[in-house]
Every structure is written in structure tokens, then in C-alpha cells.
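Student: Here you go, one structure.
The values are calculated or read from the model by the stated rules, or taken from the named source; none is laboratory data. Not measured: the values here are computed from a predicted model. So basically every Cβ, Gly included, is an ideal-geometry build from the backbone, and we count neighbours across all protein chains shown.
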Amino acid sequence: QVQLVESGGGSVQAGGSLSLSCAASGHLPSIKCMAWFRQAPGKQREGVAVISRGGGSTYYQDSVRGRFTISQNNAKNTVSLQMNNLKPDDTAVYYCATGSSEYCSLMDWTFSYWGQGTQVTVSS
């Protein structure tokens with residue numbers, strides 16, 4: 001099993017920055033992909049960014065590319081999301097997720113473990 005704990009959510013003005021962090025514990029060798037998803041009220045959950053735990057390659061949703069950066073620490077037990085130039089449309093609950101698929105993507109069904117979510121609110 002893998003346990004995930006998110007931190008770093010909060011409220012910020014448009015144009016500001018926030019950094020989210022997700023600490024993983026448990027059976028870490030099973031983790032191949034680490035990702036961030038988000039869900040706004042009344043909207044579908046969408047993938048934000050994903051990183052390959054082994055190779056470090058990344059992929060971003062078009063709406064956040066160039067503004068957000070996903071990264072992992074040296075021990076590969078923590079995934080972070082640096083969010084810059086935040087917009088009101090970024091307001092959502094952000095979820096950390098990990099999966100065992102060798103090929104990493106933002107398809108939510110490929111992720112087995114999920115954090116409880118952290119609220120990000122961006123005001124204009």
C-alpha cells in the first residue's frame with residue numbers, strides 16, 4: 001500500500017504563486033508515476049501534471065504548461081507542484097496520485113492511490 005499526504009494549499013491573489021507538496025509512504029517501489037489532478041465544483045476531474053518516478057520525464061495539461069512545474073525530491077518520495085501566475089480558473093481541489101503503470105499519463109484510471117486533496121483558491 002501507498003499513503004499520500006498533501007500540503008501547501010491556500011488562498012492567493014491572481015498572479016500569485018503557491019507550492020503544493022505530496023509525501024508518499026509505504027511500498028514505494030510500486031510507484032512508477034506521480035501526478036497532480038484537480039477538480040473544480042461542478043466540473044470533471046482533470047489531470048494537471050505527471051512525472052515519471054524512474055526517468056523524471058514530465059507532461060503538463062495545456063492550460064498550465066509554462067506556469068506550473070512538477071518535480072520530485074532526490075529520494076523520490078515527495079512530489080511537488082510549483083504554481084506560478086495563478087488564475088481564478090485554477091481554483092480547485094488538488095489531488096496527489098500515484099500509479100504503477102510503466103507508461104505515465106494523465107489518465108486518472110491508471111492511478112491507484114490518491115491523497116485527500118488540498119484546496120487552492122485564486123481570487124481576482
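Student: Are any residues in the range 69-92 more than 17 Å from I31 (Cβ to Cβ) and touching a residue at least 60 places away in the same chain (Cβ under 8 Å), and if so, which ones?
Tutor: Scanning the range 69-92 gives Q82, M83, N84, N85, L86, K87, P88.
Student: Go through the range 76-95 and give me each residue that's of a type in the set (S, T, N, Q), part of a loop (DSSP other than H, G, I, E, B) and surrounded by 16 or more Cβ atoms within 10 Å (Cβ to Cβ).
Tutor: N77, T91
Student: Can I ask one more? Name the residue, out of S124, S101, that is at pLDDT below 95, polar (S, T, N, Q) and within 15 Å of G10 (Cα to Cα).
Tutor: Going through S124, S101 in turn, the sole match is S124.
Student: Do the conditions hold for G117, that is, is it buried (at least 16 other Cβ atoms within 10 Å of the Cβ) and on the phi > 0 side of the Ramachandran plot?
Tutor: Criteria met by G117.
Student: Sticking with this one: For the range 14-67, which residues satisfy the criterion of being surrounded by fewer than 16 Cβ atoms within 10 Å (Cβ to Cβ), part of a loop (DSSP other than H, G, I, E, B) and aliphatic (A, V, I, L, M)?
Tutor: Hits for the range 14-67 are A14, A40.
Student: Here is a follow-up. Any chance the range 105-120 includes a residue that's polar (S, T, N, Q), touching a residue at least 60 places away in the same chain (Cβ under 8 Å), touching a Gly at 6+ places or on another chain (Cβ under 6 Å) and under 18 Å from Q1 (Cα atoms)?
Tutor: Among the residues of the range 105-120, at least one is polar (S, T, N, Q), touching a residue at least 60 places away in the same chain (Cβ under 8 Å), touching a Gly at 6+ places or on another chain (Cβ under 6 Å) and under 18 Å from Q1 (Cα atoms), which makes the answer yes.
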